[in-house]
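The values are calculated or read from the model by the stated rules, or taken from the named source; none is laboratory data. Note that this is a predicted model, so its numbers are computed, not measured. Don't worry about glycine lacking a Cβ; one is built from the backbone with ideal geometry, like all the others, and counts go over all protein chains shown. Calculation scope for accessible area: heavy atoms of the full protein, side chains included, ligands and nucleic acids excluded. Shrake-Rupley method; radii C 1.70, N 1.55, O 1.52, S 1.80 Å.
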Amino acid sequence: MSLTPRVLAAVLLIANALPARAAEPPADIAALFPDDTLAYAELANPAELAPELVALFKGTALQDGLSLLHARKDKAGSLLELNGKDRLATLALLTSPEWMDEFKRIRIAVALTGFSAQGEPEFVLVVITHNSPSVGLAARAYLTMTPTIRRVGEVAGVPFFQHRNPNITFDDNGVQMINKEQPPTEGPSELTYLYTPGLFAIGTNKNAVGGALQRFNGQEKKANLADNTLFKDAATAHRKTGLFYFVDFPRFCTKLDDANKARGALRGIAELIGIESDIDPLALFKFTANAKAVKSVAGSVRFREGGLSVIMAAQFDSAQPSPLFDFLSGPGVKLELLHPARKPAVFALGVSFPEKNRAGSVIALLDGVAKANGEIGRLPGEAIREMERKYKVAVSEQLIGKTRAATLIMPTTQAVPKGASVLPMLVLHAEDAASATAWEEFLPKLITDLAGAANPIQPSSETINGVKVFSLPGNELRWKSPVHYARSGVLLVVGLDQKLVASAIAKDPMISVVGGDQPIPPPPADAAAFGVVSVGEWLSRLLEQPPPDGAVVIREPRLMGPNGNPLPQSFSDDLKKARKALIDSFGTLRPATLTVTRAGNELRMELFQPSVQAGGLKAVIDAGVNWLDLNNALTGSRFNKH
């Protein structure tokens, strides 16, 4: 053993043998953050969470990370594969029993505290290392041994650090020298570190990490997040073992709007957290729920019954109207609402309509969705009133008012014309056959109005597997696809795929998304909405790259090394196979369930993914490890596409 590992081993032994000399941390880690924090998240009860994480990796390649890493090294056929192991090594360490044991002793939280004058988010992450000298030593080692980290100032007598490259000059002989006249100085908004025994903080500036330090030392006497009434209510309801989060919704929305004005560009929540999405979830929620009606949003991500539960709960102000809250007040949904949805489907969601002010609630929700999508022109409510006058049909009272529930289905694949947009299927559950027939007769008028056609559009029909399916041309519609529909009893099914419309009418529970070898259990009696979601399908779509299309298809670029030589074809082939294997592995995930309930002034949504522990994610984790290893060999060795 060389001298350096001997010294490091001795330091580790001493660190674990001696008590940590640190200030006593606050009982609630939320006390390290300001009272007006916009959004907050913490890993609650790490001592209980650690065994749950161990169960997550049980039976997978990461159960024994050390053996995995060296097995991958033994398998490497080139220096490219052998040397690019840093991400895999980090993953192996984070899933090791030694780290899990240390994880029990620390507390971690992160918060969005505001936005800079330029509209950029400001955050701070804190790790209380009070009971874990080893983690404290690791933090100190990182700040000590990272060449680019330099001290740029002090706060309350404790230095803080930022990344700085040396300011180089040359002497008369051309020798590189460090310019002492320009020492490292504090940057106003960049990654900033601070460490004192018992606390490691990372933030976007001096104030972020300095505030956490002063609260840790008891020097800050102002109110903190732990004293916030909204936060305390959320923590009481949702702070369970796992990830707990809280958002002061009105304050967050106000500050985000101000930040967007400062940036001179609109930024939604998807962009803020670095996700590409055609739909802004925040805008959708604000317009459907009424931002003024929402007091807070909180929830948790935790393990339950071997699966993973993700909960989002919104507290509403009863004095403010909310289209979403009012709409989700119908009687409990039944599992049969999902029987028309056929496997495979990306999602299927059933919702019962409210008994009181049914038409008004549905129309208000549709208007909110249209506003969130940036619709220009008539809102759905305005269009309905116009059609009622034009066609002399009481759409609100006789059609929507006589519909008790609806099912929204997004099939995995749909047969639509080339260039057409893909839309979900809609199943209306009328109160009686006469109401369903009225919907069937009104659909051609609705499509005529949406298409802006001068003359009424007439449907054609075709019998598919014994079901008469009507079709309306859609060349003038925004989605550029015909609309197909069929009715049976109280059901009316509308979609873009004739065969799927016919299949949905059959309503066979055994071949539906809730049937089969592993049937979906019924929703709770108080559920306002209930659905099935294929999380694996969502993840596959995020990773899948559509094949090149068009008259001229550009050849896929070769993977090249820094010296201009192409990478071995075998490596490129292995990387493609690993990516495909990862995408295919998501197909092994069981369907997740989505349950929406309303109690008092709270609207709660739970997404539950079953069978994630004890090897339930083995196929996904093992495929992910293989892809990560090969991809890291590519990026870690600074190979690029040219």
Selection from region 472-498 of residues among the charged types (D, E, K, R) and either more than 22 Å from A453 (Cα to Cα) or not in a loop (DSSP other than H, G, I, E, B) (or both) yields R487, D497
Scan A109, A71, A76, A89 and give me the residue that is within 29 Å of Q219 (Cβ to Cβ) and either buried (at least 20 other Cβ atoms within 10 Å of the Cβ) or at pLDDT below 95 (or both).
-> A109
Where a residue in region 440-459 is of a type in the set (K, R) and its partner, wherever it lies, is loosely packed, with under 14 Cβ neighbours inside 10 Å and not in a helix (DSSP H, G or I), with Cβ under 9 Å and at least six apart | K445/P456
Could you say which residue among T254, T169 is free of Cβ contacts under 8 Å to residues at least 24 places away in the same chain, more than 16 Å from Y40 (Cα to Cα) and under 31 Å from the mean Cα position of the chain (by Cα)?
-> T254
Take E48 and decide whether it is open to solvent by 50 Å² or more (accessible area, probe 1.4 Å), closer than 30 Å to F216 by Cβ and either of a type outside the set (G, A, S) or touching a Ser or Thr at 6+ places or on another chain (Cβ under 8 Å) (or both).
-> yes
Could you identify the single residue in K371, K286 that is at pLDDT below 95 and surrounded by fewer than 17 Cβ atoms within 10 Å (Cβ to Cβ)?
-> K371
Criterion violated by D432 - all others in (1) of a type in the set (D, E); (2) within 39 Å of the chain's Cα centre (by Cα); (3) at pLDDT 95 or above satisfied | (2)
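For region 499-549, which positions are among the acidic types (D, E) and part of a helix (DSSP H, G or I)? Steps first, answer last, please.
We begin by selecting, within region 499-549, every residue among the acidic types (D, E); these are 508, 517, 526, 537, 544, 549.
Correct list: E537 only.
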Pairs with Cβ under 9 Å, 6+ apart, first in region 581-596 and farther than 30 Å from S329 by Cβ and among the polar types (S, T, N, Q), second crowded, with 20+ Cβ neighbours inside 10 Å and at pLDDT below 90 | S585/G536; T588/G536
Among (1) more than 23 Å from S396 (Cα to Cα); (2) among the acidic types (D, E); (3) open to solvent by 20 Å² or more (accessible area, probe 1.4 Å) - the single one D497 does not satisfy | (3)
Scan region 197-230 residue by residue and report those that are in contact with an Asp or Glu (Cβ under 9 Å, 6 or more places away or on another chain), in a loop (DSSP other than H, G, I, E, B) and among the charged types (D, E, K, R).
-> K222
Within region 305-315, residues in a strand (DSSP E or B) and open to solvent by 10 Å² or more (accessible area, probe 1.4 Å) come out as L308, V310, I311, M312, Q315
If we only count helices (runs of 4 or more DSSP H) wholly inside region 24-131, which ones have 3 or more residues that are in contact with a strand residue (DSSP E or B) (Cβ under 9 Å, 6 or more places away or on another chain)?
-> 46-57
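Please go through region 417-433 and give me each residue that is within 21 Å of G489 (Cα to Cα) and open to solvent by 70 Å² or more (accessible area, probe 1.4 Å), ordered by number.
E431
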For region 508-530, pairs from a residue that is loosely packed, with under 14 Cβ neighbours inside 10 Å to a residue that is β-branched (V, I, T), with Cβ under 6 Å and 6 or more apart or across chains, are D526/T597
Residue within region 226-245 that is in contact with a Pro (Cβ under 8 Å, 6 or more places away or on another chain) and open to solvent by less than 40 Å² (accessible area, probe 1.4 Å) present | yes
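Mind telling me which of the residues L32, L43 ends up being open to solvent by 30 Å² or more (accessible area, probe 1.4 Å), touching a residue at least 12 places away in the same chain (Cβ under 8 Å), within 30 Å of S116 (Cβ to Cβ) and not charged (D, E, K, R)?
L43
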Which number in (1) touching a residue at least 12 places away in the same chain (Cβ under 8 Å); (2) open to solvent by less than 40 Å² (accessible area, probe 1.4 Å) marks the one condition that D326 misses?
-> (2)
Among the residues of region 158-187, how many are part of a loop (DSSP other than H, G, I, E, B), open to solvent by less than 70 Å² (accessible area, probe 1.4 Å) and farther than 16 Å from T148 by Cβ?
-> 3
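What are the residues in region 613-636 that are outside any helix (DSSP H, G or I) and under 21 Å from the mean Cα position of the chain (by Cα), if any?
If the condition is that a residue be outside any helix (DSSP H, G or I) and under 21 Å from the mean Cα position of the chain (by Cα), then Q613, G616, L617 are the ones that fit.
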Kindly indicate which of G536, G636, G561, G624 is at pLDDT below 95, surrounded by 14 or more Cβ atoms within 10 Å (Cβ to Cβ) and in contact with an Asp or Glu (Cβ under 6 Å, 6 or more places away or on another chain).
-> G636
Counting only residues in region 212-225 that are of a type outside the set (A, V, I, L, M) and loosely packed, with under 14 Cβ neighbours inside 10 Å, the one nearest to V294 (Cα to Cα) is identified as K222
Boolean, G59 is open to solvent by less than 80 Å² (accessible area, probe 1.4 Å), within 33 Å of the chain's Cα centre (by Cα) and either farther than 26 Å from H130 by Cβ or modelled with pLDDT under 95 (or both) = yes
Report, by residue number, each residue of region 583-602 that is within 19 Å of the chain's Cα centre (by Cα) and either open to solvent by less than 40 Å² (accessible area, probe 1.4 Å) or at pLDDT 95 or above (or both).
-> I583, F586, L589, A592, T593, L594, T595, V596
Is it the case that region 403-412 has a residue that's modelled with pLDDT under 95, part of a loop (DSSP other than H, G, I, E, B) and under 20 Å from S512 (Cβ atoms)?
-> yes
When you go through (1) open to solvent by less than 30 Å² (accessible area, probe 1.4 Å); (2) at pLDDT 95 or above one by one for R302, which number turns out not to apply?
-> (1)
